[in-house]
Amino acid sequence: MTPAVAFVSARAARGLDEDLPPFQAALQAAGVRMEVVDWDDPTVRWESFDLALLRSTWDYTERLREFLVWVDATARRTTLLNPPAVVRWNTDKHYLRELARAAVPVPVVPSTFVEPGESAERALDSFLARHDCPEFVVKPSVSANSRDTERHARTRVERAVAQARRLLDAERSVLLQPYLDSVDRDGETSLIYFAGKFSHAIRKAPVLLPGIAGSPAVGLLAQERITSRVPGADELRVAERVLAALPFETPLYARIDLIRDAGGAPTLLELELTEPSLFLVHANGAAERFAAAVLEVARTL
């Protein structure tokens, strides 16, 4: 029997997902029928699919409650991957705090959360008193593709306060992190795993440029410069520690974004388990490896 797979996207993401063409070709070569559908399309019969893969649902951050309701409802009608427990945990960056406090702690970029109702001024004063960093980042705890994320100098705190206050007034939690300047030299390393097995890695050039006000995102995406990269042994060790610390079974797909701290050690910036770009075009065989992992799940249903 030929498996039927829904590639779950969003209307606003049409033509933007570079993973779609190679993945679709790999699935077709493996004898899998795939259809691209929008997560919020009420006409979709989800029970007609064996699997629904969350991929380019990149507008969910503006409609998180609606999206999570849809996630739960769809998982009752088909096999949704990654599953609801993973999505609920991963769509809010408070997971960084949980990973940093795991039984085997994950090295995480120092992260301070400010909640709606708290003072942006006091929170930033306290954060800067604890961190001797010339620059820092302000971002919402629920965001994707660097939307509403800005880099600030500690000499221009008033602009950071204004950004944090806007987010808090909109009932959005705020995440404060020191800006680790190693990213300007080395970029980020993103390690991609399928069913717990390392597939490939890429280098992401710096997105938050100095002296540039506002978020780097244009529409749903930030403009990124991506190249292939061979990860260091220390980066692979940290990535494995991240996967081992997850409070659920290893998910079908995972992207682990690392940057190096002031001492040169890799540290977790973000963990993407919901709708990450997997940069399939930057590694030979990556699309086929992802398709094989999907097919293995389909065989067990």
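The values are calculated or read from the model by the stated rules, or taken from the named source; none is laboratory data. Bear in mind the structure is a predicted one, so any value in this text is a computation, not a measurement. We place every Cβ from the backbone using ideal geometry, glycine too, and count neighbours over all the protein chains shown. When the accessible area is computed, the model is the full protein with side chains, heavy atoms only, and any ligands, DNA or RNA have been set aside. Shrake-Rupley method; radii C 1.70, N 1.55, O 1.52, S 1.80 Å.
Some observations on this one:
- SER215 meets each of the listed conditions (1) among the small types (Gly, Ala, Ser); (2) closer than 21 Å to ASP19 by Cα; (3) modelled with pLDDT under 70 apart from (2).
- Meets criteria (free of Cβ contacts under 8 Å to residues at least 40 places away in the same chain, in a loop (DSSP other than H, G, I, E, B), surrounded by fewer than 19 Cβ atoms within 10 Å (Cβ to Cβ) and touching a strand residue (DSSP E or B) at 6+ places or on another chain (Cβ under 8 Å)) for THR43: no
- Residues satisfying the stated conditions in region 172-183, i.e. modelled with pLDDT of 95 or more and open to solvent by 40 Å² or more (accessible area, probe 1.4 Å): ARG172
- Some residue of region 80-89 being open to solvent by 30 Å² or more (accessible area, probe 1.4 Å), out of contact with any strand residue (DSSP E or B) (no Cβ under 7 Å at 6 or more places or on another chain) and free of Cβ contacts under 8 Å to residues at least 12 places away in the same chain: no
- Condition met for TRP58 (aromatic (Phe, Trp, Tyr), within 27 Å of PHE136 (Cα to Cα) and buried (at least 18 other Cβ atoms within 10 Å of the Cβ)): yes
- Test for ALA153: is it closer than 27 Å to GLY264 by Cα and without any contact (Cβ under 8 Å) to a residue 60 or more places away in the chain: yes
Conditions tested, residue by residue: (1) in contact with a Leu (Cβ under 8 Å, 6 or more places away or on another chain); (2) of a type outside the set (Phe, Trp, Tyr); (3) within 30 Å of ALA291 (Cα to Cα).
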position: LEU124; (1), (2), (3): yes, yes, no
position: ALA129; (1), (2), (3): no, yes, no
position: PRO134; (1), (2), (3): no, yes, no
position: SER143; (1), (2), (3): no, yes, yes
position: VAL161; (1), (2), (3): yes, yes, no
position: ARG166; (1), (2), (3): no, yes, no
position: TYR179; (1), (2), (3): yes, no, no
position: GLY187; (1), (2), (3): no, yes, yes
position: ALA195; (1), (2), (3): yes, yes, yes
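- Among the conditions (1) assigned to a loop (DSSP other than H, G, I, E, B); (2) at pLDDT 95 or above, the only one that ARG147 does not satisfy is (2).
- VAL108 vs. criteria closer than 27 Å to PRO266 by Cβ and either among the hydroxyl-bearing types (Ser, Thr, Tyr) or surrounded by 15 or more Cβ atoms within 10 Å (Cβ to Cβ) (or both): yes
- Here LEU96 fulfils each of the conditions (1) surrounded by 20 or more Cβ atoms within 10 Å (Cβ to Cβ); (2) farther than 24 Å from ASP169 by Cα; (3) under 23 Å from the mean Cα position of the chain (by Cα) apart from (2).
- Note on region 267-301: residues that are outside any helix (DSSP H, G or I) and crowded, with 17+ Cβ neighbours inside 10 Å amount to 14.
- Count - residues of region 143-171 that are of a type in the set (Val, Ile, Thr) and either at positive phi or loosely packed, with under 15 Cβ neighbours inside 10 Å (or both): 1
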